[in-house]
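**Q** What follows is a structure written as structure tokens; I'll ask about it next.
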Amino acid sequence: MRLVLLGPPGAGKGTQSARLKEKYHIPQLSTGDMLRAAVEAATPAGLAAKAIMDKGCLVPDETVVGIVADCIAAPDAKAGFILDGFPRTVRQAEALAKMLGAKNLDLDAVIELKVDEAALLARIAARVKETLACGGTVRADDTPVAFKTRLDAYHAETAPVAAYYAKKAVLKTVDGMAPVEAVTRAIDQLLEGAVRTVRLGREGHHDGTI
Ligand code: AMP
């Protein structure tokens, strides 16, 4: 199962990806987590990305495409993967299609979590408050200014990615405003349909398009 989860920051991609990872036993490839690990480890890529990430902007396509290419080629991704936070630009989506195409593979589904922006801002404010109440450190890009920049980047760069996948007829939309359990159930239902269709395609009764 090869999946992409799309949605603005704070939409719940991380939560749902973690659940999908448990259910399908495939790796969750979060470019945000990988970049934060690179920052933590002070690798050259991490050091270059830190200031960009703190501001809430997107790191260069080449950086993330390289990271994802390595992950997809790793043995644990043979049975599939969940991409969480990638692709975030049409160029990244095209690079992904090329990587998969070279192996004669395709995505099984792209799931977009739709949420309304006012709710997103409230969610993020609650996350900051909770973190502070527990004595934790707030992510530099969760401040109101950086979060607004992330949302702007989403509208400018990532919204066209949904349109890109809609054209390829692999885009499925889920109401991300529903309670977490209901979102999980909705995704499960979509994927059961997708798996059935792909299976039919492999048996030669269908072209495999979902
Ligand atoms: P996330 O944890 O997915 O919200 O990502 C945190 C930050 O990492 C983003 O605001 C970007 O600065 C960077 N980042 C993560 N994934 C990507 C990507 N696919 N393309 C560019 N920048 C990314």
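The values are calculated or read from the model by the stated rules, or taken from the named source; none is laboratory data. Here the structure is a predicted model, which means the values were calculated and not measured. Here the Cβ is made from the backbone with ideal geometry for all residues, glycine too, and neighbour counts use every protein chain on show. Note: accessible area is taken over every heavy atom of the protein model, side chains too, but ligands, DNA and RNA are not part of it. Shrake-Rupley method; radii C 1.70, N 1.55, O 1.52, S 1.80 Å.
**Q** Could you tell me the distance between the Cα centroids of region 9-25 and region 49-97, to the nearest Å?
**A** For region 9-25 versus region 49-97, the Cα centre distance is 16 Å.
**Q** How high is the relative contact order of region 53-150, in percent, with contacts defined as C-alpha pairs under 8 Å that are six or more residues apart?
**A** Reported relative contact order: 44 percent.
**Q** Between beta-carbons, use under 10 Å as the cut-off and find the net charge around Asp84, counting Lys and Arg +1, Asp and Glu -1.
**A** +1
**Q** Given the Cα-Cα distance of Ala48 and Gln189 and 0.36 nm per residue of separation, how much length would full extension add, in nm?
**A** Full extension from Ala48 to Gln189 adds 46.7 nm.
**Q** Suppose a student asked you for the relative contact order of region 102-193, using Cα pairs under 8 Å spaced at least 6 residues apart; what percent would you report?
**A** 47 percent
**Q** I'd like the FRET efficiency for Ala102 and Lys23, computed as 1/(1 + (r/R0)^6) with the beta carbon distance as r and R0 of 25 Å, rounded to 0.05.
**A** Rounded to the nearest 0.05, the efficiency is 0.35.
**Q** Mean separation of Cα pairs under 8 Å and 6+ residues apart, divided by the residue count of the chain: what relative contact order is that in percent?
**A** 29 percent
**Q** Also, quick follow-up: For region 39-148, count the residues as N, evaluate 2.2 N^0.38 Å, and divide the Cα radius of gyration by that value, please.
**A** 1.27
**Q** With each label point set 7 Å from Cα along the Cα-Cβ vector, what nm distance links Met177 and Thr137?
**A** Going by the 7 Å Cα→Cβ label model, 3.6 nm.
**Q** If you build the convex hull over the alpha carbons only and average its shadow over all orientations, what do you get for the chain? Give it in nm² to one decimal.
**A** That works out to 11.8 nm².
**Q** Heavy atoms only, probe 1.4 Å: what % of the accessible area of the chain goes to carbon and sulfur, would you let me know?
**A** Its accessible area is 58 percent carbon and sulfur atoms.
**Q** Within the chain, which whole H helices from DSSP have a Cα span along their axis of at least 20 Å and a mean Kyte-Doolittle hydropathy of -0.5 or more, if any?
**A** Passing helices, by number: 117-133, 180-202.
**Q** Need the full-extension length gain, Ala73 to Cys57, defined as separation in residues times 0.36 nm minus the C-alpha distance. One decimal, nm.
**A** 3.1 nm
**Q** What length, rounded to one decimal in nm, is gained on full extension from Glu94 through to Ala126, with 0.36 nm per residue of separation minus their alpha-carbon distance?
**A** That works out to 8.0 nm of additional length.
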